[in-house]
Amino acid sequence: MREFGIDIIKGSVRSRTRRPVYALARVEDGEITGVEEVTGFRLQRLLAAEQPDILAVDSLQEIAADQRELYAFLQALPPATKLVQVTGGEKKESLAKVAARYNISFNKSDPYAEARTTARVASLGAGVEVIAFENTTDIVVSRHRSPGRGGWSQNRYARKIHGGVLQKAREIEARLRGAGLDYEKKETKAFGGFSRVTFRVVAPRDMVPVHSSRGADVQVRVAGRQLDRIRFEPLSSRPRYLIVGLDPGTTTGIAAVDLDGNLVLLSSSRQMTMSDIVEELYRAGKPLIIASDVHQMPYSVEKIRRAFNAIPYTPKQSLSVETKYDLTAAFSYTNDHERDALSAALDAYRSLQNKFRNITKRVQPGFDLDEVRARVLRGQPLDTVLADLQGVPAAPRPAEPVAVAPERPIEDERVMALDGMVKRLRSYVQELQEELREHDREMERLRQSLRRARSATERKVRRDAELATKDATIESLREQLRGERRRSRRLKKRLERIETVAKIEVSEDYTPLKVLDSLTREGVRSLQEGIGIAEGDILYVPRAHGWGRGVVKDLAGTGVRALVIGGGPQEPPDPHLVRVAREAGLPLLPADTVKPDIRGRTGAARTRAIEEAIGEWEEEQKEYRREQEAERVEYLFKEYRSEREKEVRRGG
């Protein structure tokens, strides 16, 4: 594979006067083949001429000022060239940290060193591919010049141009059919042929056997369809290794750090099953070590360790609280369970730091340190691991003795051996050629399978759209079900309170009381919705502040038997409230006389005390009515006497 790595030496893509100048490093099969200084225009020409597999950058800001320019840059790249950002996608990290994973160091102030490092880490699988186009390609065949008004030969000239567009469109259509690609065609007719033909091909741009071109009369533009948002896909699908700490219990704490001690995952939950924990860790990476903060690993932690076939780690003695605080001082956590899990992971990492340092010293640059450390921790010798990753035998072959003065027979034997090697190589070449033909046949079979798979994919897309509609309907019904369940819970609580009141009503010694939060319309409405107010009920209100004449009359109208007013002897009822209650015929009973036992929204009082209090109120009510009647008679008498005096004066 060939990789290009670039880094800006001077200038900026945002500047109109100082355009960027790049340091360009070429890497082929892991070896640096050259470094040079190029302009942006020169870089585009080199990419088009050499078509490397990867163009690696440490930041997209070095090649494009905004998203529009990035789309244009990607459109201009050769179809087979991938744009790779080695520092990550949405969540970026420094180039130095990425290079350290492969035991590579460089001078950060040297653009050429950064370009070399960028290309090398990309060749080792670091970074993410920048994807900006869908798997659909648009091909537009159109006129390269306008017919204009012209003169006597205008019709012949226009017919020539439109005929050229027609001929070019037929050539492109033949290529698409030959490649077995699905497409849609749209034509714009004109005098003598077509003025514009558009193909929408269901394939990525690198699979379309047509390239942009310009001729005297016809131009062809090939472009992929842009995604609404730039997408990043990792070059390497291998998950990163993790050191995981677990704190089991009612609340499960999970913490994971990578092999460099960086925090990757920290969470806790009261509702996590074993499968939930395994899924959470699987999404974060590949657990290499499962650690506990106690000397004897809990059984639940051991089960999770076996699920990943990870290396167990327990401290020599259970970690103290002070040790846990020291280990986790540089991190933030929300509870003790996260602290315990994080301290277990960090303690395991601390115990391996010296071993990791020794491995780093013995490993040459260019190896994936995480993979080397993981294999060494699993028991493989370092030399075997390095040889395996480099693709050479671990043990060197013994050196053949060198003859000081070779004789003729030895040379003859060597010639014979070489002749036998040539025969074997020729036979091997024939086998490879037969294999190549078999591969060609297999490739043709796969092309046919691909065409069938594309039609199946279209059916799946239509089915997915139907499923999305049904999922939306299901979600709406679920929301209605949740609302009905909430309503059911409210009604169930109301029924329980009503049953509590009913149980008290069964007793002859006690009379139930319904608690009214306040003597206001809102309080009455709340009680009516919660328990209900029926004729003959006795209500209890802790304080009569904020009362209104209308509320008292409404309660009297519902047939409430009495209203118990809270407070003490030092807080007698409001005289105005007493007068309004007597006018409405609603008995007001003082709480210090009834002595109610209140529990939440309900309560109870002795029936005898209530009857005596109501009797006393009724006696006072009779006296009040007699006084009212006497006042009314006295008022009538005064009115009558006043009228008589007026008549006497008029008669005199």
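The values are calculated or read from the model by the stated rules, or taken from the named source; none is laboratory data. What you see is a predicted model; the values in this text were computed from it and never measured. Here Cβ is always computed from backbone atoms with ideal geometry, including for glycine, and neighbour counts include all displayed protein chains.
Here are the numbers for the structure shown:
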read-out: Residues satisfying the stated conditions in the range 543-561, i.e. under 16 Å from Gln528 (Cα atoms) and of a type in the set (A, V, I, L, M, F, W, C); value: Val551, Val552, Leu555, Ala556, Val560
read-out: Inter-residue pairs, beta-carbon under 6 Å, first among the small types (Gly, Ala, Ser) and in the range 604-625, second part of a helix (DSSP H, G or I) and surrounded by 13 or more Cβ atoms within 10 Å (Cβ to Cβ), 6+ apart; value: Ala604/Ile504; Ala605/Val594; Ala609/Val594; Ala613/Thr593; Ala613/Val594
read-out: Any chance Val13 is surrounded by 14 or more Cβ atoms within 10 Å (Cβ to Cβ), in the same structural domain as Ala113 (by TED's automatic domain parsing) and part of a strand (DSSP E or B); value: no
read-out: Residues within the range 169-191 that are over 15 Å from Thr137 (Cα atoms), in contact (Cβ under 8 Å) with a residue 12 or more places away in the chain and of a type in the set (Asp, Glu), tallied; value: 1
read-out: Subset of the range 30-60 (residues that are among the charged types (D, E, K, R) and in contact with a helix residue (DSSP H, G or I) (Cβ under 8 Å, 6 or more places away or on another chain)); value: Asp58
read-out: Members of the range 1-22 that are touching a residue at least 60 places away in the same chain (Cβ under 8 Å) and more than 25 Å from Phe367 (Cβ to Cβ); value: Ile8, Ile9, Tyr22
read-out: Filter pass, Arg357 being closer than 28 Å to Ala96 by Cα, out of contact with any strand residue (DSSP E or B) (no Cβ under 9 Å at 6 or more places or on another chain), outside the structural domain of Lys97 (by TED's automatic domain parsing) and part of a helix (DSSP H, G or I); value: yes
read-out: Sole residue being closer than 24 Å to Arg375 by Cβ and crowded, with 16+ Cβ neighbours inside 10 Å, chosen from Ile304, Ile277; value: Ile304
read-out: Any hit, the range 246-264, residues being assigned by TED's automatic domain parsing to the domain that holds Arg339, β-branched (Val, Ile, Thr), surrounded by fewer than 18 Cβ atoms within 10 Å (Cβ to Cβ) and out of contact with any helix residue (DSSP H, G or I) (no Cβ under 6 Å at 6 or more places or on another chain); value: yes
read-out: Residue count, the range 28-74 (criterion: within 37 Å of the chain's Cα centre (by Cα), small (Gly, Ala, Ser) and part of a helix (DSSP H, G or I)); value: 2
read-out: Long-range neighbours under 6 Å by Cβ, at least six apart or interchain, first residue exposed (fewer than 15 other Cβ atoms within 10 Å of the Cβ) within the range 526-542, second modelled with pLDDT of 80 or more; value: Glu535/Gly559; Gly536/Arg561
read-out: Test for Leu281: is it within 28 Å of Ala99 (Cα to Cα), in contact with a Pro (Cβ under 7 Å, 6 or more places away or on another chain) and either part of a helix (DSSP H, G or I) or not small (Gly, Ala, Ser) (or both); value: yes
read-out: Some residue of the range 94-113 being surrounded by fewer than 20 Cβ atoms within 10 Å (Cβ to Cβ), assigned to a helix (DSSP H, G or I), of a type in the set (A, V, I, L, M, F, W, C) and at pLDDT below 90; value: yes
read-out: Test: residue in the range 224-232 that is charged (D, E, K, R), in contact (Cβ under 8 Å) with a residue 60 or more places away in the chain and more than 26 Å from Ile161 (Cα to Cα); value: yes
read-out: Residues that are touching a residue at least 40 places away in the same chain (Cβ under 8 Å) and outside any helix (DSSP H, G or I), drawn from the range 292-312; value: Ser292, Asp293, Pro298, Ala310, Ile311
read-out: Neighbours by Cβ (under 8 Å, 6+ apart or cross-chain): first from the range 437-456, under 30 Å from Glu184 (Cβ atoms); second surrounded by 10 or more Cβ atoms within 10 Å (Cβ to Cβ); value: Arg447/Gly180; Gln448/Gly180; Leu450/Gly180; Arg451/Gly180; Arg451/Asp182; Arg454/Asp182; Arg454/Val202; Ser455/Asp182
read-out: Whichever residue in the range 218-245 is among the aliphatic types (A, V, I, L, M) and under 20 Å from the mean Cα position of the chain (by Cα) and, among such residues, is nearest to Arg375 (Cα to Cα); value: Ile230
read-out: Among (1) at pLDDT below 90; (2) more than 35 Å from the chain's Cα centre (by Cα) - the single one Asp206 does not satisfy; value: (2)
